[in-house]
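Q: Got a structure here, written out as structure tokens. Questions coming.
The values are calculated or read from the model by the stated rules, or taken from the named source; none is laboratory data. Note that the structure is a prediction, hence the values are computed from the model and not measured. Neighbour counts run over all protein chains shown; Cβ positions are idealised from the backbone, glycine included. These area figures cover heavy atoms from the full protein model, side chains too; ligands, DNA and RNA do not enter into them. Shrake-Rupley method; radii C 1.70, N 1.55, O 1.52, S 1.80 Å.
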Amino acid sequence: MGNKIKINGLTFVPYLTRERIAEQVKRVAEEIRRDVGQSQPVFICVLKGAFVFAADLIREIGINDCTCSFVRYASYDGTSTTGKVRQLVGLTDDLAGRDVVIIEDIVDTGLTAVKMIDDIKAHNPRSVRFATLLHKPQSSRTGFEPDYICFSIPPKFILGYGLDLDGKGRNLHDIYVIEEEQDSAEG
Ligand code: IMP
């Protein structure tokens, strides 16, 4: 585990080591394999933040007969009545009748997750499950509960292992929390 790091003038301290992350990724991978391992699931990685978690998780799940899509939300100006519209882009697989597992980096208010599940359900999958690396239950504005969670954490700003601050920090092996706000994570 490294030392403190500075990004955009803010100091971050080590929080979750790569070893702890790997343990939880393995646990969640086993749960997902147990639930969808008999079908031909579609894993949907939500860009950009989930790219590192998804790469590790999908390989750890180890199902041969699966496909992967990489989606993101693109914002554009709708009509004067709809205002800004967020549209899901990048879905390459036909989801009809398939078991879908959405892979996210973090659930904060839960608003993104709820919208994502709605958008995915419109493609008529057989089932939709939601896996997240991190969950901030105290920040929830939706009551949304992910099916698979590696870590539940307090509502502090964190980065590393795919998560960023203004695009920086995604490449870090470990997860860091903003200084003076360190707390313990469950999981
Ligand atoms: P939600 O819709 O509020 O649940 O937002 C989830 C999104 O907020 C994530 O996909 C992240 O992009 C971002 N986010 C929330 N908390 C953090 C954090 O601590 N670090 C980095 N990004 C975060």
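Q: Given a 1.4 Å probe and every protein chain left where it sits, what share in percent of the accessible area of the chain is carbon and sulfur?
A: Roughly 45 percent, rounded to a whole number.
Q: Spin-label point model (7 Å from Cα, Cβ direction): what's the Arg33 to Thr11 distance in nm?
A: My value for the distance between the label points is 4.2 nm.
Q: While we're on this one: Counting only C-alpha contacts under 8 Å and six or more residues apart, can you give the relative contact order of the stretch 54-187 as a whole percent?
A: 16 percent
Q: What residues qualify as long-range amide H neighbours of Gln40, i.e. H under 5 Å apart, gap of 5 or more or another chain, H built at 1.01 Å from N?
A: Amide H to amide H, under 5 Å and 5 or more residues apart or across chains, Gln40 pairs with Asp99.
Q: Show the residues, 5+ positions off or on another chain, whose built amide H is closer than 5 Å to the amide H of Gly110.
A: Arg141
Q: Tell me, what is the 1.4 Å probe accessible area of Thr142, in Å² to the nearest 10?
A: 60 Å²
Q: Would you mind calculating the gained length between Lys84 and Gln40 on full extension (0.36 nm times residue separation, minus the Cα-Cα distance), in nm to one decimal?
A: Gain in length upon complete extension: 12.3 nm.
Q: With every protein chain present, what is the per residue accessible area of the stretch 84-174 (1.4 Å probe, Å²)?
A: Accessible area per residue, the stretch 84-174: 46 Å².
Q: Quick one: putting +1 on the C-beta of Lys and Arg, -1 on the C-beta of Asp and Glu, what dipole do you get for the chain around its Cα centre, in Debye to the nearest 20?
A: 280 debye
Q: Rounded to whole Å and sorted largest first, list the principal axis extents of the Cα atoms in the chain.
A: Dimensions of the chain along the principal axes of its Cα atoms: 47, 47, 28 Å.
Q: Quick query: amide H of Phe130 versus all other amide H atoms, modeled in the peptide plane; which residues come in under 5 Å with a sequence gap of 5 or more or a different chain?
A: Here Ile102, Asp147, Tyr148 satisfy the definition.
Q: Roughly speaking, what is the stretch gain from Cys68 to Ala55, that is 0.36 nm per residue apart minus the C-alpha to C-alpha distance, in nm to one decimal?
A: This chain segment gains 3.7 nm when fully extended.
Q: Express in nm, to one decimal, how much length is gained between Asp166 and Glu180 on full extension, taking 0.36 nm for each residue of separation and deducting their alpha carbon distance.
A: Result: 3.0 nm gained on full extension.
Q: Reachable lysines from Lys121, Cα under 30 Å, same-chain residues fewer than 8 places away excluded?
A: Lys26, Lys48, Lys84, Lys136
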